[in-house]
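Structure first, commentary second.
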Amino acid sequence: MTADLEGPAHLTPLTDAHRELGARLIEFGGWLMPVQYGSIIEEHRTVRERVGLFDLSHMGELYVEGPDAGEALAAALVSDPASLVIGRAHYSMICDPNGGIIDDLIVYRLGQATFLVVANAGNAAIVSDALAERIEGFKAILDDRSLATGLLAVQGPRAAEVLAPLTDVDLTGLRYYAAKEGTVAGIHALVARTGYTGEDGFEVFVDTSQTVALWDALLRGVRTVGGLPVGLGARDTLRLEAGMPLYGNELDLDTTPYDAGLGRVVKLTKAGDFVGRVALEKVAQDGPARRLVGLIVEGRGIARHGYPVWSGDRRSGVVTSGTQSPTLGVPIAMAFVAPGDGEPGTVLDIEIRDIRVPARVVTLPFYRRDA
């Protein structure tokens, strides 16, 4: 089943494969993507208990290369990519001069003078344009390979078991937030131990022409251990349980990294200037005006994006994401609240359909795989 689209959407190389699997397709970030193949809850639990396969070919892949590539990215982003060891990656953000988040990113250092920046689908063009502008004057070039790159993810406790027989990359030696080139199912690939589910897993980058062959090989492997293909619906509930932010919900231009509890990403001690430094230094010194927290809903109802959060008769903030947690069996949410209302154990009220329902502040994440 395909949703009606207001305008044209990009298609990943796997659109036909998704249709053959009975996926419900929706427009997401300018792309036609599978939201679910069957039950979102079943897909979610399969990733938590076994393994799932995701099509992430809508993501943006931006290569920055040249003698000054690390220095250029350090001036463009809040993190310090120049400090990365070759083969490692880190979480980062690109901010505007006011400290607002344009997008959250993963930056991989693939060589002495080669970096890969992975951006969210809906922001990929914006990030590409911003990076191109910000690296001017440095000995570095931007190569936007978003449409030339396929990206698949294998996520879950049995992910290594699925991938190991298909690759020549030593997965036992591949650390979290590390990447290595090799082959997967005989296809040249970049294999990264990263993901967005709170589980162990891998993201595999290939030339777009090889995406279908890679999908077929990985899907066979996933199914041998009882895994499933997984859509955006379960991807969202998985990342929410893991306390991971979603751009457009927890992150946007009106939000700084410090608001979102991600001030650790901002490297104010790095050498040189970067876009947003002055504004972010002020937030770091004064403290953010709001705080992102986790909430366990203790009454009836599911908190949704945009629902008000109250402390007595005082409006404290707003829900950014919410769902019924398939793993925990209770309604959970993330919300921005007043800084003083964000201590774990604090009981607030979420306004759900004009009824105030109690919710308790908890430390994020809701779910941790090693707990």
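Table for the structure above
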| item | result |
| --- | --- |
| Summed residue charge, Cβ within 11 Å of Lys267's Cβ, Lys/Arg positive, Asp/Glu negative | +2 |
| Among Gln285, Gln36, Gln155: highest mean-square fluctuation, GNM of the chain, C-alpha pairs under 10 Å | Gln285 |
| Within-14-Å neighbourhood charge of Asp170 [Cβ basis; K, R +1; D, E -1] | +1 |
| Under Karplus coefficients 6.51, -1.76 and 1.60, residue-wise ³J(HN,Hα) of region 164-175 in Hz, glycine/proline x | 3, x, 9, 10, 9, 7, 6, 5, 5, x, 8, 6 |
| Label-point separation, Ser209 to Leu147 (7 Å along Cα→Cβ), nm | 1.7 nm |
| Amide H partners (placed H, <5 Å) of Ile352, local residues excluded | Val357 |
| Hz values of 3J(HN,Hα) by residue in region 312-327 - Karplus curve (6.51, -1.76, 1.60), Gly and Pro given as x | x, 8, 9, 6, 8, x, 8, 6, 9, 8, x, 6, 8, 6, x, 7 |
| Estimated vicinal HN-Hα couplings, Hz - region 107-112 in sequence order (Karplus 6.51, -1.76, 1.60; Gly, Pro = x) | 10, 10, 9, 9, x, 4 |
| Relative contact order computed over region 1-139 (Cα-Cα under 8 Å; 6+ residues apart), in percent | 21 percent |
| GNM result for the chain, Cα springs below 10 Å: residue of Ala260, Ala159, Ala284 fluctuating most strongly | Ala284 |
| Nitroxide proxy distance, nm - points 7 Å out along Cα→Cβ at Ala164 and Gln285 | 5.3 nm |
| Residues with amide H under 5 Å from that of Thr149, placed H, sequence gap 5 or more | Thr208 |
| Whole-angstrom gap from region 256-319 to region 37-68, using each part's C-alpha centre | 26 Å |
| Label assignment, P(r) over Cα pairs in 10 Å bins from 0, in percent derived from the structure, set (1) 5, 23, 32, 27, 12, 1, 0; (2) 4, 18, 18, 10, 7, 8, 10, 10, 8, 5, 2, 0; (3) 5, 22, 29, 25, 14, 4, 1, 0 | (1) |
| Long-range HN-HN contacts of Tyr247 with modeled amide H, under 5 Å | none |
| Contact order relative to length of region 290-371, as percent, for alpha carbon pairs under 8 angstrom and 6 or more apart | 37 percent |
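Taken together, the values in this text are just the output of simple stated rules run on the coordinates, not laboratory data. These numbers come from a predicted model, not from an experiment. Positions of Cβ are generated from backbone atoms using ideal geometry, with glycine treated the same way; all protein chains shown enter the neighbour counts.
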